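The next block holds one structure in the form of structure tokens; read it before the comments.
The values are calculated or read from the model by the stated rules, or taken from the named source; none is laboratory data. Here the structure is a predicted model, which means the values were calculated and not measured. All Cβ positions, glycine included, derive from the backbone under ideal geometry; neighbour counts span all protein chains shown. Protein only, heavy atoms only, side chains kept; ligands, DNA and RNA dropped before computing areas. Shrake-Rupley method; radii C 1.70, N 1.55, O 1.52, S 1.80 Å.
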Amino acid sequence: MDEKKIIAVVGATGAQGGGLSRAILNDKSGGFRVRALTRNAGSDKAKELEKLGAEVVAVDIDDVESLKKAFHGAHGVFCVTFFWEHFSPEKELAEAKNMAEAAKQAGVRHVIWSTLEDTRKWVPLGDNRMPTLMGKYKVPHFDAKGEANRLFTEIGLPTTFLLTSFYWENLIYFGMGPKKGPDGNLYITLPMGDKKLPGMAAEDIGKCAYGIFQKGREFIGKTVGIAGDHLTGARMAVALTKALGQEVRYNAVPPDVYRGFGFPGAEDLGNMFQFNRDFEHVFCGARNLDIARSLNPSMQTFDAWLANNKNRIPIEKEPLRASGE
């Protein structure tokens, strides 16, 4: 047991970290073991990982010393932030800085940083095609992660930059599933036009990360983009229709309309989808399906994911009403 290399997993009870932790724990013959890092070591999810064989350690991501102790003796570290908990790009940058500094001081041999594009490289702040948010971002939950990449490279950390994709679980948890329109039909609503959106099952992100750690030094210093499928909204609607047994149509709205939906993060997500749409060749091109499957041979397609998860997707029974109705 002690001969196995330790992978310290930040956010081990979350979607990405949980997927990586389970991938390592399920591979009994693998050369790694899990140090599951979490704020709440007494949570049900943490206890579940412990039962599976993980070493669970409480960590404060805002405290470099806490992270340094948690990373001590680890061969690899998986670093991730969760923007939707606080909606603060500055907090993400601070967390990334703490993780990078702690990993450097702890002598970690391989870091995977779960990141996204800094969209300002393609859409400068002065570009009025999409609004600037929070004063200095176009897609805040993308831009801060992309900006944080340099925090790992500038201090010489052996890092793999993992570009993730749209979680299909958003159809379950984030209110993006089919909703009944005023005409009684079911719709999924995205501001993607006829362009393709890279997507994947959240658990497959962790499995890809495990594949990267298994490859040793092969992906150090490289950016690796992953997805399970590249799908248009219309193709997603066809798949949902088949899986759910009732017709689902694709409602392609303009990004401005999506930004105006008013839920927390609507502007950010509206800009994100517009970036994905307007720079489809960049965004899909960075997420090679063959590379992703080479890292995770069990990678699910959207159809396969739907077969396993269709009963978890909530269907809005009542027609949507405009605010004020």
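Residue-by-condition table, conditions (1) surrounded by fewer than 22 Cβ atoms within 10 Å (Cβ to Cβ); (2) in a loop (DSSP other than H, G, I, E, B):
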site: V9; (1), (2): no, no
site: L20; (1), (2): no, no
site: K45; (1), (2): yes, no
site: D60; (1), (2): yes, yes
site: E65; (1), (2): yes, no
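Within the stretch 7-31, the only residue that satisfies the criterion of being in contact with a Lys or Arg (Cβ under 6 Å, 6 or more places away or on another chain) and closer than 18 Å to T159 by Cα is A8. All of (1) more than 26 Å from D256 (Cα to Cα); (2) part of a helix (DSSP H, G or I) hold for V111 with one exception: (2). Within the stretch 191-209, being assigned to a loop (DSSP other than H, G, I, E, B) and open to solvent by 10 Å² or more (accessible area, probe 1.4 Å) holds for G193, D194, K195.
Among the residues here, A292 qualifies as under 17 Å from P198 (Cβ atoms), at pLDDT 95 or above and not acidic (D, E).
Among residues belonging to the stretch 163-184 that are more than 30 Å from A148 (Cα to Cα) and in a loop (DSSP other than H, G, I, E, B), point out the one that is most open to solvent (accessible area, probe 1.4 Å).
Quick first cut of the stretch 163-184, residues more than 30 Å from A148 (Cα to Cα) only: 177-184.
Subset that is in a loop (DSSP other than H, G, I, E, B): 177-178, 181-184.
Details: G177: 8, P178: 1, G181: 6, P182: 114, D183: 90, G184: 39 Å².
Restricting to residues being more than 30 Å from A148 (Cα to Cα) and in a loop (DSSP other than H, G, I, E, B), the top hit is P182.
Cβ-Cβ contacts under 8 Å between residues 6 or more apart (or on different chains), taken from a first residue in the stretch 168-187 that is polar (S, T, N, Q) to a second residue that is surrounded by 15 or more Cβ atoms within 10 Å (Cβ to Cβ) and part of a loop (DSSP other than H, G, I, E, B), are listed as N170/M176.
Checking the stated criteria, T38 turns out to be farther than 23 Å from M299 by Cβ and without any contact (Cβ under 8 Å) to a residue 60 or more places away in the chain.
When the stretch 223-247 is filtered for residues that are free of Cβ contacts under 8 Å to residues at least 60 places away in the same chain and part of a loop (DSSP other than H, G, I, E, B), only G245 remains.
Quick check on this structure: which one of K51, K97, K69, K104 is assigned to a helix (DSSP H, G or I), modelled with pLDDT of 95 or more and either farther than 20 Å from P158 by Cα or of a type in the set (A, V, I, L, M, F, W, C) (or both)?
Values: K97 fails: either farther than 20 Å from P158 by Cα or of a type in the set (A, V, I, L, M, F, W, C) (or both); K69 fails: either farther than 20 Å from P158 by Cα or of a type in the set (A, V, I, L, M, F, W, C) (or both); K104 fails: either farther than 20 Å from P158 by Cα or of a type in the set (A, V, I, L, M, F, W, C) (or both).
One residue alone meets the criteria, K51.
Scanning the stretch 248-279 for residues that are in a helix (DSSP H, G or I) and either crowded, with 22+ Cβ neighbours inside 10 Å or not aliphatic (A, V, I, L, M) (or both) yields a total of 16.
Filtering the stretch 231-240 to residues that are open to solvent by 40 Å² or more (accessible area, probe 1.4 Å) and in contact with a strand residue (DSSP E or B) (Cβ under 6 Å, 6 or more places away or on another chain) leaves only A234. Within the stretch 210-225, if we keep just the residues that are open to solvent by less than 10 Å² (accessible area, probe 1.4 Å) and in contact with a Leu (Cβ under 7 Å, 6 or more places away or on another chain), the residue that is nearest to V253 (Cα to Cα) turns out to be G225. All but one of (1) farther than 20 Å from S165 by Cα; (2) among the hydroxyl-bearing types (S, T, Y); (3) in contact (Cβ under 8 Å) with a residue 60 or more places away in the chain hold for S66; state the number of the condition that does not hold. Among (1) farther than 20 Å from S165 by Cα; (2) among the hydroxyl-bearing types (S, T, Y); (3) in contact (Cβ under 8 Å) with a residue 60 or more places away in the chain, the lone unmet condition for S66 is (3).
Restricting to the stretch 280-307, what's the tally of residues that are outside any helix (DSSP H, G or I), out of contact with any Lys or Arg (no Cβ under 6 Å at 6 or more places or on another chain) and open to solvent by 10 Å² or more (accessible area, probe 1.4 Å)? Walk me through it before giving the result.
The initial filter retains those residues of the stretch 280-307 that are outside any helix (DSSP H, G or I), namely 286-288, 296-301.
Now narrow it down to the ones that are out of contact with any Lys or Arg (no Cβ under 6 Å at 6 or more places or on another chain): 286-288, 297-298, 300-301.
Now restrict to residues that are open to solvent by 10 Å² or more (accessible area, probe 1.4 Å): 286, 288, 297-298, 300-301.
Residues in the stretch 280-307 being outside any helix (DSSP H, G or I), out of contact with any Lys or Arg (no Cβ under 6 Å at 6 or more places or on another chain) and open to solvent by 10 Å² or more (accessible area, probe 1.4 Å): 6 in total.
Hey, can you tell me all the residues within the stretch 122-152 that are surrounded by 14 or more Cβ atoms within 10 Å (Cβ to Cβ), among the hydrophobic types (A, V, I, L, M, F, W, C) and over 25 Å from F213 (Cα atoms)? Across the stretch 122-152, the qualifying residues are W122, V123, M130, L133, M134, V139.
Tell me the residue from I212, I220, I188 that is aliphatic (A, V, I, L, M) and in a loop (DSSP other than H, G, I, E, B), please.
After ruling out the rest, the residue left standing is I220.
Tallying residues that are among the small types (G, A, S), more than 15 Å from I212 (Cα to Cα) and open to solvent by less than 50 Å² (accessible area, probe 1.4 Å) within the stretch 22-43 yields 4.
Considering the stretch 76-121, the residues that are of a type in the set (S, T, N, Q) and over 18 Å from I226 (Cβ atoms) include one that is most open to solvent (accessible area, probe 1.4 Å), namely Q105.
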